[in-house]
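Scroll down for the structure; my scribbles are underneath it.
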Amino acid sequence: MAPPRAYWKGSLKLSLVTCPVVLYPASTTVEKTRFHMINRETGNRLKQQMIDSETGDVVEKDQKARGYEISKGEYIEIEKEELEAVQIESNHTIDIDSFVPRDEIDRRYLNHPYYIAPDGKAGADAFAVIRDAMKDQDRVALARIVLTNREHVIALEPLGKGLLGTTLRYPYEVRDETDYFDDIKSPKIAKDMIELATHILDSKASHFDPGKFKDEYEAALKTLVKRKAAGKPVKAVAKEEKPDNVINLMDALKASLKGGKTPTKRAVAARRPTARKRPGKKVRHSAARHRKAS
């Protein structure tokens with residue numbers, strides 16, 4: 001098997017200790033089912049084109065450029081060479097700035113994971129020194145790196161024989177939760193309800209095992225494509241009926257604890273005793289039917 005292609009090459013630097021490293025994406029979407037836009041009449045794949053928003057003309061590849069909007073509809077062009085001139089040290093170096101406690105990193109800031117390995121035998125010793133020193137500390141290294149012409153903060157931690165690097169979002173990229181949670185009411189909940197909910201949580205206690213994650217939608221897509229390719233009919237799956245609103249929260253908690261279904265308006269209504277009809281109405285109704293039959 002051929003070694004994977006490195007996504008980034010450079011140096012890992014801790015103070016005066018430096019070693020060459022390579023970086024690989026730790027996640028992939030290769031196995032995802034992908035669709036292309038095609039011409040329904042010819043079956044040929046469609047090709048996208050860039051169109052001038054004002055003239056409607058097709059713009060060729062050599063006419064494309066980057067532009068920054070300084071006012072409505074007015075852009076300044078930024079050349080590729082000008083972007084490359086913005087040189088900073090982290091362009092080719094992962095420079096470790098500090099070490100922070102692992103539990104202080106807010107998970108909302110975690111972005112993309114990468115594997116970091118030594119590049120060749122020359123830097124293996126220095127890489128091992130940095131990696132093993134970090135193993136003895138329950139801390140994560142924070143460094144800077146440039147990927148796709150953007151500087152990122154990256155968190156480094158030992159993983160097996162290598163390092164796991166996770167790029168972090170900047171504060172301006174993380175939305176403030178108070179914008180979404182401020183209007184949530186704080187009702188008074190009975191203690192016994194909380195205890196029941198706690199029992200439900202305990203009954204579902206488990207351990208993190210990604211091997212148990214099943215992408216049912218992806219599996220359904222693969223089945224769909226396979227049947228279509230074989231010329232077999234595709235059966236429409238009946239849509240699940242949406243449950244009614246819960247009538248009683250306590251009933252729902254008790255039913256959940258027993259592993260049953262959540263009681264709904266329809267279910268509760270079915271349990272209620274049927275009201276007796278008035279004799280007078282019943283007689284008149286029967287008499288009306290008799291007259292109609294006559």
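The single condition among (1) farther than 30 Å from Arg131 by Cα; (2) outside any loop (DSSP other than H, G, I, E, B) that Val237 does not satisfy is (2). Taking the criterion of being within 22 Å of Thr167 (Cβ to Cβ) and either outside the structural domain of Ile96 (by TED's automatic domain parsing) or assigned to a loop (DSSP other than H, G, I, E, B) (or both), the residues of the stretch 124-153 that qualify are Gln137, Asp138, Thr148, Asn149. Scanning the stretch 127-168 for residues that are surrounded by 19 or more Cβ atoms within 10 Å (Cβ to Cβ) and free of Cβ contacts under 8 Å to residues at least 40 places away in the same chain returns Arg131, Met134. Just one of the numbered conditions (1) modelled with pLDDT of 85 or more; (2) part of a helix (DSSP H, G or I); (3) among the hydroxyl-bearing types (Ser, Thr, Tyr) is not true of Tyr217: (1). Within the stretch 77-123, the residues that satisfy the criterion of being in contact with a strand residue (DSSP E or B) (Cβ under 8 Å, 6 or more places away or on another chain), assigned to a loop (DSSP other than H, G, I, E, B) and under 25 Å from Arg5 (Cα atoms) are Ile88, His92, Asp119, Gly120, Ala122, Gly123. Is at least one residue of the stretch 96-107 closer than 22 Å to Trp8 by Cβ and surrounded by fewer than 10 Cβ atoms within 10 Å (Cβ to Cβ)? Within the stretch 96-107 (the criterion being closer than 22 Å to Trp8 by Cβ and surrounded by fewer than 10 Cβ atoms within 10 Å (Cβ to Cβ)), the answer is yes, since at least one residue qualifies.
Only a single criterion out of (1) surrounded by 10 or more Cβ atoms within 10 Å (Cβ to Cβ); (2) of a type in the set (A, V, I, L, M); (3) under 27 Å from the mean Cα position of the chain (by Cα); (4) at pLDDT below 90 is not satisfied by Val30, namely (1).
Only one residue in Lys32, Lys13, Lys47, Lys9 is part of a loop (DSSP other than H, G, I, E, B) and in contact (Cβ under 8 Å) with a residue 60 or more places away in the chain. Which one?
Checking each option against the conditions leaves just Lys32.
For the stretch 169-198, the set of residues classified as free of Cβ contacts under 8 Å to residues at least 60 places away in the same chain and surrounded by 14 or more Cβ atoms within 10 Å (Cβ to Cβ) consists of Ala197 only.
The values are calculated or read from the model by the stated rules, or taken from the named source; none is laboratory data. No experiment lies behind these values; they were computed from the predicted model shown. Backbone-built Cβ (ideal geometry, glycine too); neighbour counts: all protein chains shown.
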